[in-house]
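All remarks here apply to the structure that follows.
Rule-based calculations on the coordinates, nothing more; no lab input. Just so it is clear, the structure is predicted and the values come from calculations on it, not from any experiment. So basically every Cβ, Gly included, is an ideal-geometry build from the backbone, and we count neighbours across all protein chains shown.
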Amino acid sequence: MTTGVEGATRWPTITKDVAAFPVQPNLLDYEAARRDFSWDQARQALSGLPGGRGLNIAYEAVDRHAAGPNAGKEALRFVRADGSTTSLSYGDLAVQSGRFAAVLRSLGVGRGERVFSLLGRSPELYTAVLGTFKTGSVFCPLFSAFGPEPVRQRLHLGAGRALVTTKALYRKKVAPVRDTLPELRFVLLVDAAGAPEPGTLDLAELLAGADPAGADLAGDIADTQPEDMALLHFTSGTTGTPKGAIHVHDAVAAHYATGRFALDLHPDDIYWCTADPGWVTGMSYGIIAPLVHGVTAIVDQEELDADRWYRILAEQRVTVWYTAPTALRMLMKAGAERAAGHDLSALRFVASVGEPLNPEAVVWGKDVFGLPVHDNWWQTETGGIMIANYPAMPIRPGSMGRPLPGIEAALVARDADGKPVVRDGGVQLVTEPDVMGELALRPGWPSMFRGYLNEEERYRRCFAGGWYLTGDLAKRDADGYFWFVGRGDDVIKSSGHLIGPFEVESCLMEHPAVAEAGVIGVPDAVAGEVVKAFVELRPGNEATEDLQLDIIGFARKRLGAAVAPRLLEFTANLPKTRSGKILRRLLKARELGLPEGDLSTLETPQGHEPEPREGGQP
Ligand code: AMP
């Protein structure tokens, strides 16, 4: 497959016949929308808490709809494993999230304290998210496929006060490390069935005793203010522990505006975001944006399967679909004929995020759905979509599109060390077209992260000369379309999940046979990248296939399959800088047969490295 930048020359622009669209797009004239937009005006689409008491995401997403004609409208439609569905109306969601809030209050979980989830996509997850917002506590979702170590680390860093999970996930991932988490006071099991594990509570029983019937639901919502913390999303960096990105209630203004412009949400939409709420996309666009718009959101409780997904698109009459490149590549691999026989005529807009979207995938959408795929770009820190392809705008396959109204994007010139070039007290911007720089955004949009929890210095380092530096490298063409080039750091993107190499290396080094490890991402046709580890063994260990499998198994058990290395190679000499840092850049260049670049800081002279032992995929 071609990358986006290569695609610039090979793939013709896709034009649109807007007059033939089944509904008129929300954004018709890009330049005019940018000119006329202001965040204050976007905020006017929100209601605010009754009596001007403040702003709360749950009220905007649920209770204001439940108080009006949308009370009986389907808010969330869950598709079970057997294809049957169960729904929660806006009215149901208001009551059930109100009950969850009452439970938190009865336990004394306070404002600003963190409530974590480790759950599949069950109704309890959604009511817990919204109920937590209602009390003014902070929600932190964890991906249920994480292994015990990422779970423990995030609960610890986020000082989780309460955790909502299942019996099985608790037993496997939390109970063994519970005594290392003194802050974790309450574990609420959604499936305790009257018999909670020792040290846990039965959520159903607590909910039954916390019926807010007759209560003034809106009155029960804490008077949170726009700048109060609402969400904590952990994301991985190149070094150190995962970073907890802080988002505030004001973010809902961006979820609303981006849902309107980049996802083109209209009130009658049946909208499906395939991302898990354990990741930022599943929270911002799987829960908040669709509910704020009052649409019906589909939640598939199962994992990706080509036939199942086509069936859901057809049977649920999905109109707007937001998915990811890895998923699209898997569907492409399964073959376009799998879509045959499924009536996809309800679909009117398809968008994708999370990794570079190959131009082939953009165009493939036209064959299978009759619609091109619209790529958009954002990250955990931005909290919402920043750059997008819009329904009414021509697509240049391979490009991420153009900045949203209200978003100022630029490219910052970088020096040989990857640092922004500073000139006259400011950073030097790349102004010529098609020249690479670090993608930067002018701070000030509502869903921008407000900090990394307890890591002021790490937060500060993300800014230079009045810009937020995203860590991604990109180009901009003469017409203002942005093209993703690559990440500016060593962070790995595998199946849309951001993986910090340091986290994986630290885990590998806990294996008794491992002396040191260097971890990189290597290209993969479906997952984008897969994690590959280079491992130096402690003396007395032999580089055997059994040991290789044992180390991979060890990492899988601790980190979970989504994070652990898929490939492992033994090496006798990891390349390091003189200060002892593993040169992942060099590992990667060697792996890919690319130029090795400047080796002046290399500790091990080139050529001294013995032939690595080739490893395989388990
Ligand atoms: P996360 O914070 O986990 O959402 O990951 C954000 C990162 O994913 C970005 O900084 C990019 O490196 C990558 N990413 C997200 N969307 C795109 C896209 N449309 N094209 C290329 N890379 C993307």
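List of remarks:
- Gain on full stretching of the segment that runs from Lys557 to Ala340 - 0.36 nm per residue minus C-alpha separation: 74.2 nm
- 5 angstrom amide H check on Val138, placed H, neighbours 5+ away: Gly112, Glu113, Arg114, Val115
- For the stretch 490-592, a crude dipole built from +1 on the beta carbon of Lys and Arg and -1 on the beta carbon of Asp and Glu, taken about the Cα centre, is about 420 debye to the nearest 20.
- Local charge for Gly51 was computed over the other residues whose Cβ lies under 14 Å away, with Lys and Arg +1 and Asp and Glu -1, and equals -2.
- For the stretch 67-81, 3J(HN,Hα) computed residue by residue from phi via the Karplus equation (6.51, -1.76, 1.60; θ = phi - 60°) reads 7, x, x, 8, 3, x, 6, 5, 8, 10, 10, 8, 9, 7, 4 Hz, glycine and proline entered as x.
- Whole-Hz ³J(HN,Hα) from phi, Karplus 6.51 cos²θ - 1.76 cosθ + 1.60, for the stretch 308-316, glycine and proline x: 4, 5, 5, 4, 5, 4, 6, 5, 8
- In this structure, the amide hydrogen of Ala464, modeled 1.01 Å from its nitrogen in the peptide plane, lies closer than 5 angstrom to those of Leu469, counting only residues at least 5 positions away or on a different chain.
- The value of relative contact order for the chain, using C-alpha pairs under 8 Å at least six residues apart, is 14 percent.
- Averaging Cα coordinates gives a centre for the stretch 459-530 and one for the stretch 193-253; these two points are 29 Å apart.
- The stretch 490-592 - Rg (one decimal) and Dmax (whole number), Cα, Å: 12.8, 38
- Taking the charge dipole of the chain about its Cα centre, with +1 at Lys and Arg Cβ atoms and -1 at Asp and Glu Cβ atoms, the residue from Pro359, Ser47, Thr238 reaching farthest to the positive side is Ser47.
- Amide H contacts of Ala230 (H built 1.01 Å from N, under 5 Å, at least 5 apart or other chain): His247, Val248, His249
- Residue among Leu118, Thr85, Gly471 farthest towards the positive dipole end of the chain, charges placed on Cβ: Leu118
- The calculated FRET efficiency for Asp415 paired with Glu455, based on their beta-carbon distance and R0 = 30 Å, is about 0.75.
- Straight-distance candidates among the lysines for linking to Lys493, with alpha-carbon spacing under 27 Å and chain neighbours fewer than 8 residues away dropped: Lys172, Lys173, Lys243, Lys333, Lys366, Lys419, Lys475, Lys532, Lys557, Lys576, Lys581, Lys588.
- Dipole magnitude for the chain: about 580 debye, using +1 per Lys or Arg Cβ and -1 per Asp or Glu Cβ, origin at the Cα centre.
- Potential lengthening between Thr239 and Arg311 on full extension [0.36 nm per residue; Cα-Cα distance subtracted]: 21.7 nm
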